[in-house]
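Take a look at the structure set out below.
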Amino acid sequence: MRKRSQLERVLDSITGASIFVTAQGSHEILYANERVKKMKHSIQPGDICEEVWKCDCKHCPACSMEGEESRTITSYDVPFGKFVDISAVEVMWEDKIPAHVISVCSHAIEKMDQGTELRRMQMQVALSQIYTMVISVNLTKNTYFMVEYVDFDSHCAPISGRYDDLVAAGAASMHPDYRGDFLKKFSRDSLLELYASGENSRYMAHRQMGDDGKYHWTDTHVIRVENPYGDDVMQISLSRNIDERKKMEEQMKTALEAAKRANRAKTDFISRMSHDIRTPINAIMGMSNIASTNLRNPEKVRDCLDKMGLSTRFLLSKINDILDMSKLESGKLAIAEKKFQFRELIQELKEMIFLQTEEKNQKLEISVDDSVAEAYLGDDLRLNQILFNLLSNAVSYTLEGGSISLKAEQISGRGEEAWLRITVADNGIGMSEEFQKVLFEPFEQECATEGRVFEGSGLGLPITRSLVQLMGGTIRFESKRHKGTTFVVELPFKLLKTEEKEEAPEEEYDFSQVFQGQRVLVVEDNEINLEIVQTFLESWNLQVDAAENGLIAVEKFKNSQPGWYQLVLMDIRMPVMDGLTATREIRALDRADAGTVPIMALTANVSPGDSQHAKKIGMNEYLTKPVEMKLLHRKIKEFI
């Protein structure tokens, strides 16, 4: 049996404290008295101190001796269930092992003081959940103690010491941009002066180098705290990493700036669109007035009608730009695939653009390389829109007497697919480098500084790029101020098979194929639109009954004989009862023709979702205004 040393016998005789001995360095348990054994039944010599007490060396005087022979701290320790004084004294265990004798005994304060101290400890725990560095500072004595420090980014200072040294160490690891301000704000003299003036806190966000060698955003907040035991000026210093918060702030700032730019662009867009819409409306109203005062001059009336038609098409193109942009952004615009004659498309495009270039005395050159096939499979409507936008821009941004060109060539063709390269160039005013960065952003336009050649919605090029991408192609450009701009578009199309190439050309539509007096119910609340539709239907030998809203239409259909109406043309948005509700009502009637009479929408609602919904509730067809008479005639023939 091992002989007990004199020190062990002395320690055994002390019954008013929990005492244990640990080896320096290894923290191995060398001795534990009976009070400790009663608390920790499994404790054995050889156990590691921090594993027994689960303390991670926090609030342990033996772990923070720093050259002292003894140290005592007061702490609320869960294993003991109360406030205790924990003391550590250096000894030589068995005359050969450097060790610490650690004793734990009750702290001599009143119960009320213990409650206050407990609340302070709870606050400390709560703060440590938010701040990774919590420091208790005595400014009067120029001392500090790290209450919480383990998880902080930078460990540039010891756990305790002189406050001036702590500030110096912090400044040394500070980013140079913040170092001077940090020393000025958090020096001991500055803080004592601050608290003397009646202020109780100071805050600063700064960048500090961490142990990983990188600068991190950190905020430091110092708060004066009451000292119930004396006159020393005490403060608590709180610091934490705010990299994520700063990153989020930057993202929010960027998003805010983007939102502001978008808002300004949309405001400018509304202003431009107001002008662009009023201009053709003014022309239509003016030309109609001129025509009405020149009824005996057929040529003048015809000229007015031509100009009204041109203004109407211009107005419709502006509205279509807005609708196309909306469809593209929502992913609802689909690309068609049908046969089209490429050279015919280019010729029609040339005729449209020629009128614009002629007015400005500009030279227009169009060339199609021999490598280009006569016909392809693809979306000719969207191709036309792309090229028209580019050519219109070229005309608008080129001064009088300038030149514009379009060149088309087939750059590859393998199997069933061919790639076309179309180059549109001008020697106009070009674009600034700044504007080139936002060229394809919706609503953006370069400032108009050289006259009224810059009119437009700011949607043409964004729509063009989106269409090119949707068709699987690419678009690029080069531009220099006062030199001109060149756009290069490359698009894939399917090649026609031999039998498809030999198809006969489509015959011109024949309106002479009239009907046999079938009766059509036209439901339309706008008198002018009703007059237009009724005039065309009657010219095709159809009889027309009119209803100004859905409710009247339902009543007319309900009170008619079965089979009286061979077709219903239904507007959607109407007062009293809309067209969708009227369609449901008609389909629900208890009569033989309620479920079979064709109902065709004729509406200004152009959303694909509207079309699908209308067909689900019982409509047979969905046409949008302004409707082409050829299309309307053909659709009526399909149902009658």
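The values are calculated or read from the model by the stated rules, or taken from the named source; none is laboratory data. Please read all numbers here as calculations on a predicted model, not as lab measurements. Backbone-built Cβ (ideal geometry, glycine too); neighbour counts: all protein chains shown. Only protein heavy atoms, including side chains, enter the accessible area calculation; ligands, DNA and RNA are left aside. Shrake-Rupley method; radii C 1.70, N 1.55, O 1.52, S 1.80 Å.
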Legend entry - Among (1) modelled with pLDDT under 90; (2) open to solvent by less than 50 Å² (accessible area, probe 1.4 Å); (3) among the β-branched types (Val, Ile, Thr) - the single one Val233 does not satisfy: (1)
Legend entry - Long-range neighbours under 9 Å by Cβ, at least six apart or interchain, first residue touching a residue at least 60 places away in the same chain (Cβ under 8 Å) and within 17 Å of Val568 (Cβ to Cβ) within region 615-630, second of a type in the set (A, V, I, L, M, F, W, C) and surrounded by 15 or more Cβ atoms within 10 Å (Cβ to Cβ): Lys625/Leu602; Lys625/Val606
Legend entry - Subset of region 53-77 (residues that are modelled with pLDDT of 80 or more and acidic (Asp, Glu)): Glu68, Glu69
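Taking Phe342 as the residue in question, decide whether it is over 29 Å from the mean Cα position of the chain (by Cα) and modelled with pLDDT of 90 or more.
Numbers: over 29 Å from the mean Cα position of the chain (by Cα): yes; modelled with pLDDT of 90 or more: yes.
For Phe342, the condition - over 29 Å from the mean Cα position of the chain (by Cα) and modelled with pLDDT of 90 or more - is met.
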Legend entry - Criterion: out of contact with any Gly (no Cβ under 8 Å at 6 or more places or on another chain), farther than 24 Å from Pro176 by Cβ and either of a type in the set (S, T, N, Q) or assigned to a loop (DSSP other than H, G, I, E, B) (or both) - qualifying residue of Gly198, Gly213: Gly198
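Of these, Val167, Val150, which one is more than 20 Å from Asp212 (Cβ to Cβ) and either of a type in the set (A, V, I, L, M, F, W, C) or modelled with pLDDT of 95 or more (or both)? Walk me through how you get there before you give the answer.
Values: Val150 fails: more than 20 Å from Asp212 (Cβ to Cβ).
After applying the criteria, what remains is Val167.
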Inset, instruction - For region 336-441, please list each of the strands (runs of 3 or more DSSP E) lying entirely inside it that holds at least 3 residues being among the hydrophobic types (A, V, I, L, M, F, W, C). - result: 363-368, 403-414, 417-426
Legend entry - Close pairs from region 287-298: first over 19 Å from Leu310 (Cβ atoms), partner open to solvent by less than 50 Å² (accessible area, probe 1.4 Å), Cβ under 8 Å, at least 6 apart: Leu295/Val301
Legend entry - Members of region 583-628 found to be in a helix (DSSP H, G or I) and of a type in the set (A, V, I, L, M, F, W, C), listed by number: Ile586, Ala614
Inset, instruction - Please indicate, with yes or no, whether at least one residue in region 221-234 is touching a residue at least 40 places away in the same chain (Cβ under 8 Å), more than 44 Å from the chain's Cα centre (by Cα) and under 25 Å from Ser154 (Cβ atoms). - result: yes
Legend entry - Hits in region 356-371 (condition: open to solvent by less than 30 Å² (accessible area, probe 1.4 Å) and in contact with a Leu (Cβ under 7 Å, 6 or more places away or on another chain)): Thr357
Legend entry - Criterion violated by Asn620 - all others in (1) within 40 Å of the chain's Cα centre (by Cα); (2) under 24 Å from Gln543 (Cβ atoms); (3) open to solvent by less than 10 Å² (accessible area, probe 1.4 Å) satisfied: (3)
Legend entry - region 501-527: number of residues that are at pLDDT 85 or above and not polar (S, T, N, Q): 10
